[in-house]
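Undergrad: Please read through the structure below; I'll follow up with questions.
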Amino acid sequence: MKMRATWDALASDPDAYVGDPKRGRMELEGLFERLGADPRGGTCIEVGCGSGRMTAALAERFDQVLALDVSPAMLERARVAVPDERVEFRTVSGERLDGVDDAIADVVVCYLVLQHLPTRATVLAYFSEFARVLAPGGEAFVQLPVFDDGLRPRAWRALRSALVPLTSLGPTRRREFRGYRLTRGELDAGLARVGLRVVATDVGPDAPYRFSRDLFLRLTR
């Protein structure tokens, strides 16, 4: 699987992509704060835990954390970094949240993950999975870069999608790292299809992608 191979390769190079837990804690607190929330207790599903840079902070908030990642190598690092009995680490395929039961999550957290998914269908499938695993009254806290509307951004996205496979000289050049960006219209339509409702949003100006801005979402069913 290309997605798993990409992130296993990145896990072997801590300087390339492992992440600082102190910064992860600050980003998690900032995510909740900017969306007007302070969730605690119950079960949290962390989608794309990587090396565990946010996982310890989540374990301090919730009774149980189910930390998911596509990369077994990343999960090995996370288990060493976060030896906490409240946390269960589990490998998923990258296509969906395999093996996670329906309606078990009081909170879903997904941060710096959706921007690395390789296709529009995969990004939208994750939102469908968030809706599936959320318990009644549960909420998802999600960050993703959203593409600007207009002809120039769409033309750039089409060109970039065609060129990325031709320039894949290492894991950070692959589609499974560089990802696919939705427009806000595509995102809103996808949320409506899976029955997710936006409770709150915020926008950051600092997405490191051309024609994009970071969008922060608080979602419920």
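Undergrad: Please give the FRET efficiency for Ala189 paired with Ala5, using the beta carbon to beta carbon distance and R0 = 22 Å, rounded to the nearest 0.05. Present the calculation step by step, with values, prior to reporting the outcome.
TA: Values: r = 31 Å, r/R0 = 1.43.
Efficiency, rounded to the nearest 0.05: 0.10.
Undergrad: If I model a spin label as a point 7 Å beyond the Cα along the Cα-Cβ vector, how far apart are those points for Ser12 and Glu76 in nm?
TA: 1.0 nm
Undergrad: Only loop residues by DSSP count here, and only those with at most 10 other Cβ atoms within 10 Å; note down the trypsin sites (Lys or Arg not before Pro) in segment 21-51 that meet that. Walk me through the numbers before you get to the answer.
TA: Values: sites: Lys22, Arg23, Arg25, Arg34, Arg40; in loops: Arg40.
Taking segment 21-51 and a limit of 10 other Cβ atoms within 10 Å, no loop trypsin sites (Lys or Arg not before Pro) are found.
Undergrad: Let me ask something else. Filter the GluC sites (Glu not before Pro) in segment 18-118 down to the DSSP loop ones having no more than 12 other Cβ atoms within 10 Å, then list what survives.
TA: The qualifying sites are Glu85.
Undergrad: About the Cα centre, and with charges only on the beta carbon of Lys, Arg (+1) and Asp, Glu (-1), how big is the dipole of segment 65-105? Nearest 20 debye, please.
TA: Computed charge dipole of segment 65-105: roughly 160 debye.
Undergrad: Follow-up. So between Glu88 and Glu29, what do we pick up on full extension, going 0.36 nm a residue minus the alpha carbon distance?
TA: 19.1 nm
Undergrad: Chymotrypsin sites (Phe, Trp or Tyr not before Pro) within segment 1-86: which are DSSP loop residues with at most 11 other Cβ atoms inside 10 Å?
TA: none
We did not get these values from a lab; they are worked out from the coordinates using the rules stated. In this text, all values refer to a predicted model and were calculated from it rather than measured experimentally. Methodologically, a virtual Cβ is constructed for each residue, glycine included, from the backbone with ideal geometry; neighbour enumeration extends over all protein chains shown.
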